[in-house]
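Participant: Take this structure, written in structure tokens, and hold onto it; I'll ask about it next.
FYI, it's all coordinate maths here, none of it is from the lab. Worth saying up front: this structure is predicted, and the values here are computed from it rather than measured. Heads up, the Cβs are rebuilt from the backbone with ideal geometry, glycines too, and the neighbour counts pull from every protein chain shown.
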Amino acid sequence: MKHVRVVALDPDLAAAYCARLFASVGAEVVIVEPTGGSRLRSEPPMLSGSDGRGTSALWEYLAAGARSAVVPDDGELDALFGWADIVVSTCNGDADAALALRERIRALDPTTVHVVTSGYGLTGPYRNWRRSPLTDWVGGGHAYLTGLPDREPLQGAGPWASYLTGTTAAIGAQAALLHAVRTGEGQLVDVSALESMASLHQWTVTMYTHTGCVKGRWGNRFAESVHPIALYACSDGWISIVAPSYPSFEALCLVIDAPELLIDPEFQANSVRFDRADEIDPYITAWTTARTCAEAVRELQAGNVPASALKTLADAVAEEQLVVRDYWEHAPYLGDDARFPVAPFRTDAGLRPTTLSFAATVGAHTAEVLAAARSTPVRPTLPHVDLSKVRVLEFGIAWAGPLTGRWLADLGADVAIVEHPAARGVVMRTDAGPDFVRGRLPAAYLRFPVFPNAVPGERWWNRGGMFNKMNRSKRSVCLDAKTGRGPEVLAGLVGASDVILNNYSPRGARSMGIDGDGARKQNPSAVTVCLSGYGATGPLASYLSYGPVLQAHAGFDEMNGYLDVGPVRLGLAFPDSVGGLHGVFATMTALWERELTGGPVHVDVWQFETLLSIAGELVLATSVTGESPKRHGNRAVGIAPQGVYRCAGDDAWVALSAVDDTQWRALVAVVAGELTGRADDDLDKRTRDADGLDEAITAWTVQRTPVVAATELQAAGIAAFPVMTNRDLVEDPHMRSRGFVVTWDQTDVGPMEFPGFPVHFETIKPRLTTCPGLGADNAAVLAERLGYGADLVSELFAEGALGDRPPGW
């Protein structure tokens, strides 16, 4: 975002990635470091530079494109705050200090946006609790869903939760900046890892609010609702197969020559296939084990079944698709092959920097930064973008596209989703049956859409909790674009919208005329945003994908697992949340650029690219060493002890990280027992004795519930947190105090609880309203955007171009 000035004040990973996202789209970013340098400079993985000195791959990645300043004097720091449009800072255990800094910045210039990233937020019972990358994973409810059901929950293999907190913060900063430009009113933007990650579930939270069920972990199968989405062994490795719908299951059965699986009509229900996976999988495994990974993927993709081999990160870094799409920034000072991602998306408006300057030495730009702050107190005029006047036309399926659209709608944009009459699926019965008990899994026929108390009801298409959560705050146009005057209506809507958003395959988007080139024929000034799996160009552009396919291809599944067992897939379709969230940042960046230049902007958000962008330090280290990261379970390099420990209760766990010697000594005092007398053990000794330390800590944690254990540990200043289930996310008093759970009067349902908005603004009020009924806004949207009268809308209904219910209902 050209002309935007960002100051990142001694940031943690989340705050640093927030700043880096701005740098990657042209903003001027300054990192203010302490005299000895940022703590991120010593974070693993460590590399050897050409000068023989060690350097952090994490720092090299996050600080690329930013300037470094050391500003020990308060007066000079105040000048820098006054120069900035956005100040990004970090809170880890002292919320009052963060709030005091906010008041200082406000007094200097009330138009400045101040973003604070933290583990738990600046209000609520946990406001002063300590965090770590591990607690970010367990707090947001993701770790509980990852791993084997009879073993401890697993974190992801990298600090990816912290990256997504940073992405959330960047979006909050954008929204607050747009508000400040229009109104002259800056504000505090409070972003916690806890709520950021809790908001990035597909149906986990609504599963509990709607049915009372606790979602579990299922190893390399996908939760309770869909099959096959799983990992399968081939003759030379593993592949990920994703066939969530019945048509994709049919295609799979044809590819593997198992037509007998199509005889059973029960397999038409997604969750029946999950419950009977032990019957299905032998057919798949017999076929995959007779083939190499490459052979199996080639045949499956040719048969329209999304699949990928489980690649190592080294394989992913060598992928030709990334070279063709000019994804890399090269770092020859770290090695001939050293490279890292430039930006997580592409545009055709010059937003991708031609190069990102390499990470600077400590304080390298202090003099020039302070001179600029003193000499240019007046900020440049920034573009005026009013989200409430932005008309978005969304063509979303599954998760990533609808997530982008939902965020834009929550932030005030007028988002109209274009739905086919059959878009909300089918049901095989409309009642819950006699056996449903709240808190137990519903019958397989009723499980997947997450109906309230497992009752589809007469108008079931408006009652699915998963869809209603993902599509709140929007409007619905139910259009069959191939019937009657459907093509005419579609072309008119494209021409009358500011943003055309889709996450179809490139081929599907082209066929509907909603890709960049097609949309501009109807709307020469449009912002077009495409969130495909592999992008619109390159040798993999035609490959079918879902999130689990992408995380396998990017090396994420191969990195993930226990110390003695792996690979283990992430428990959610993680790349969808990564792509959808970056899609929001990309869309608002494109709106800014259009206002600045007056021209159209096309954004290509390739979800494979966004996924690798939140592993930039691992990518860089792998490119230098040629070695993929090793699995480390719930441990971490440079922290010992760290782990997930069993507590009193059924499948109850607490996570803790003794991130430094001070926390280690505090842990010895709290746990005592076998740790007594070991307060002076250094990091090397603790790392060597990690197994013994885990046993001693477990002897203490099993006597306490997760909340009690975490509370005692946090009271001693130790980063610890309960491993949260979906029930915990809904019922936890801190989450309730922060307003994470909200209620709205859902169409054809009544008042229901849903997850709220994860960013806390001082003055912006996110607009959380009911998900529309299918086609509920046909008349209103067509009248407002196209000038259609009631008679014409009735004619379109009569000819089948418009609808408000699925076929046959």
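Participant: Give the distance, in whole Å, between the Cα centre of the range 605-622 and the Cα centre of the range 1-64.
Facilitator: Here the two parts' Cα centres lie 16 Å apart.
Participant: Now, a different point. Just report the Cα centroid separation between the range 736-809 and the range 276-297, whole Å.
Facilitator: After rounding, the separation between the Cα centres reads 42 Å.
Participant: Using 0.36 nm per residue, how much length does the chain from Tyr562 to Thr292 gain when fully extended, once their Cα-Cα distance is taken away?
Facilitator: Working: separation 270, 0.36 × 270 = 97.20 nm, distance 2.50 nm.
Length difference between fully extended and current span is 94.7 nm.
Participant: 5 Å is the cut-off here: which amide hydrogens, built 1.01 Å from N in the peptide plane, fall below it relative to Ile31, excluding neighbours closer than 5 in sequence?
Facilitator: Placed amide hydrogens put Ala8, Arg67, Ser68, Ala69 under 5 Å from Ile31.
Participant: Now for a separate question. Convert each backbone phi in the range 411-421 into a coupling constant with the Karplus relation 6.51 cos²θ - 1.76 cosθ + 1.60 (shift: θ = phi - 60°), then list the ³J(HN,Hα) values in order as whole Hz, x for Gly and Pro.
Facilitator: For the range 411-421, the Karplus-derived couplings read 7, x, 5, 8, 9, 10, 8, 9, 10, 6, x Hz, x marking Gly and Pro.
Participant: Taking the DSSP beta bridges in the range 1-91 as the whole, what percent of them are antiparallel, to the nearest 5? It would help to have the intermediate numbers written out before the result.
Facilitator: Working: 3 of 16 bridges.
Of those bridges, close to 20 percent are antiparallel.
Participant: Just to be sure I understand the model, the point goes 7 Å from the Cα along the line to the Cβ. What's the resulting Lys482 to Asp682 distance in nm?
Facilitator: Each label point is offset 7 Å from its Cα along the Cβ direction, giving 7.0 nm.
Participant: May I ask you to list the lysines whose Cα is less than 20 Å away from that of Lys521, ignoring any residue fewer than eight positions away on the same chain?
Facilitator: Within the straight-line cut-off, Lys521 pairs with Lys482.
Participant: Within 10 Å of each candidate Cβ there may be at most 13 other Cβ atoms; applying that plus a DSSP loop requirement, which GluC sites (Glu not before Pro) in the range 596-659 survive?
Facilitator: Details: sites: Glu609, Glu617, Glu627; in loops: Glu627.
Those satisfying the criteria are Glu627.
Participant: Suppose we take every Cα in the chain and form the convex hull; what volume per residue is that in Å³? All intermediate terms of the calculation are to be shown ahead of the outcome.
Facilitator: On the way: hull volume 121.8 nm³, N = 809.
In the chain, the Cα hull volume divided by residue count equals 151 Å³.
Participant: Between Glu368 and Arg510, what is 0.36 nm times their sequence separation minus the Cα-Cα distance? Round to one decimal in nm.
Facilitator: 46.3 nm
Participant: Counting only complete DSSP H runs, which helices of the chain cover 27 Å or more along their long axis at the Cα atoms and score a mean Kyte-Doolittle of -1.0 or above?
Facilitator: On the way: long enough: 160-183 (34 Å, 0.62); 574-597 (35 Å, 0.25).
Flagged H segments are 160-183, 574-597.
Participant: Over the chain, what is the relative contact order in whole percent, taking alpha-carbon pairs under 8 Å and six or more residues apart? Provide the component values of the computation, followed by the final result.
Facilitator: Values: 1862 pairs, mean separation 146.7, N = 809.
Taking the mean separation of contacting Cα pairs over the length of the chain, I get 18 percent.
Participant: Quick check on packing: order 14-26, 701-713 by the mean number of other C-beta atoms within 10 Å, highest mean leading. Each step should come with its number before you reach the end.
Facilitator: Values: 14-26: 27.5, 701-713: 20.0.
Per-residue Cβ counts within 10 Å, averaged per peptide and sorted highest first, yield 14-26, 701-713.
Participant: Ok, one more. What is the range 519-642's relative contact order, in percent, from Cα pairs under 8 angstrom and six or more apart in sequence? List each step's numbers first, then the result.
Facilitator: Details: 159 pairs, mean separation 41.7, N = 124.
Worked out over the range 519-642, it gives 34 percent.
Participant: Working from the pairwise distances between different alpha carbons, so that the mean of 1/r is found and then inverted, what is the range 290-352's Kirkwood radius in Å?
Facilitator: Working: mean 1/r = 0.0700 Å⁻¹.
Answer for the range 290-352: a Kirkwood hydrodynamic radius of 14.3 Å.
Participant: When the helix-only estimate is applied to the chain (DSSP H runs of n ≥ 4, each -39,500 (n - 2.57), divided by the residue count), what is the mean residue ellipticity at 222 nm, nearest 500 deg cm²/dmol?
Facilitator: Details: 34 runs with 311 residues, N = 809.
My calculation for the chain gives -11000 deg cm²/dmol from helical runs alone.
Participant: Of all beta bridges DSSP finds with both residues in the chain, what is the antiparallel percent, to the nearest 5? Present the calculation step by step, with values, prior to reporting the outcome.
Facilitator: Numbers: 37 of 81 bridges.
That works out to approximately 45 percent antiparallel.
Participant: Output the relative contact order of the range 1-135, whole-number percent, from Cα pairs under 8 angstrom with separation of 6+ residues. Before the final figure, lay out each step's value.
Facilitator: Values: 237 pairs, mean separation 33.3, N = 135.
Once divided by the residue count of the range 1-135, the mean separation gives 25 percent.
Participant: Using θ = phi - 60° and the Karplus form 6.51 cos²θ - 1.76 cosθ + 1.60, what ³J(HN,Hα) does each residue of the range 194-201 get, whole Hz, x for Gly and Pro?
Facilitator: Residue by residue, the range 194-201 yields 4, 7, 4, 6, 5, 7, 9, 10 Hz.
Participant: Select from the range 387-464 those trypsin sites (Lys or Arg not before Pro) which occupy a DSSP coil region and have at most 14 other Cβ atoms within 10 Å, ordered by residue number.
Facilitator: Working: sites: Lys389, Arg391, Arg406, Arg424, Arg429, Arg438, Arg440, Arg447, Arg459, Arg463; in loops: Arg424, Arg429, Arg438, Arg440, Arg459, Arg463.
Answer by residue number: Arg429, Arg438, Arg440.
Participant: Please list the non-local residues whose amide H lies under 5 Å from the amide H of Val189, H modeled 1.01 Å from N, same-chain partners needing a gap of 5 or more.
Facilitator: Under 5 Å from the amide H of Val189 lie the amide H atoms of His114, Val115, Val116, each far enough along the sequence or on another chain.
Participant: Same structure again: For the range 547-652, what ratio Rg/Rh do Cα atoms give with a Kirkwood hydrodynamic radius?
Facilitator: On the way: Rg = 18.4 Å, Rh = 16.6 Å.
Dividing the radius of gyration by the Kirkwood radius yields 1.11.
Participant: How large, in Å, is the range 510-598 by the Kirkwood hydrodynamic radius built from its alpha-carbon pairs? Mind dumping the intermediate values first?
Facilitator: Details: mean 1/r = 0.0647 Å⁻¹.
Its Kirkwood hydrodynamic radius stands at 15.5 Å.
Participant: Moving on. Under 14 Å Cα to Cα from Lys685, which aspartates and glutamates show up? Leave out anything in the same chain fewer than 8 places away.
Facilitator: Asp660, Asp661, Asp694
Participant: Then there's this: I'd like the distance separating the alpha-carbon centroids of the range 122-140 and the range 566-589, in whole Å.
Facilitator: Rounded to whole Å, the Cα centres lie 21 Å apart.
Participant: By per-residue mean of other Cβ atoms within 10 Å, what is the highest-first order of 719-731, 743-755? The partial results should precede the final answer.
Facilitator: Details: 719-731: 24.1, 743-755: 16.8.
Per-residue mean Cβ counts within 10 Å order the peptides as 719-731, 743-755.
Participant: If the chain between Leu148 and Leu254 were fully stretched, how many nm would it gain, using 0.36 nm times the residue separation less the Cα-Cα distance?
Facilitator: Values: separation 106, 0.36 × 106 = 38.16 nm, distance 3.04 nm.
The span from Leu148 to Leu254 would gain 35.1 nm if fully extended.
Participant: Straight-line reach from Lys311: which lysines have Cα under 25 Å away, leaving out those fewer than 8 places along the same chain?
Facilitator: Lys630
Participant: For a quick check: with amide H placed at 1.01 Å from N, whose amide H comes under 5 Å from Glu329's, ignoring anything fewer than 5 positions away on the same chain?
Facilitator: Placed amide hydrogens put Phe340, Val342 under 5 Å from Glu329.
Participant: Kindly state, to the nearest 0.05, the FRET efficiency for Ser542 paired with Thr361, given R0 = 56 Å and r defined as their beta-carbon distance. It would help to have the intermediate numbers written out before the result.
Facilitator: Numbers: r = 45 Å, r/R0 = 0.80.
Here the calculated transfer efficiency is 0.80.
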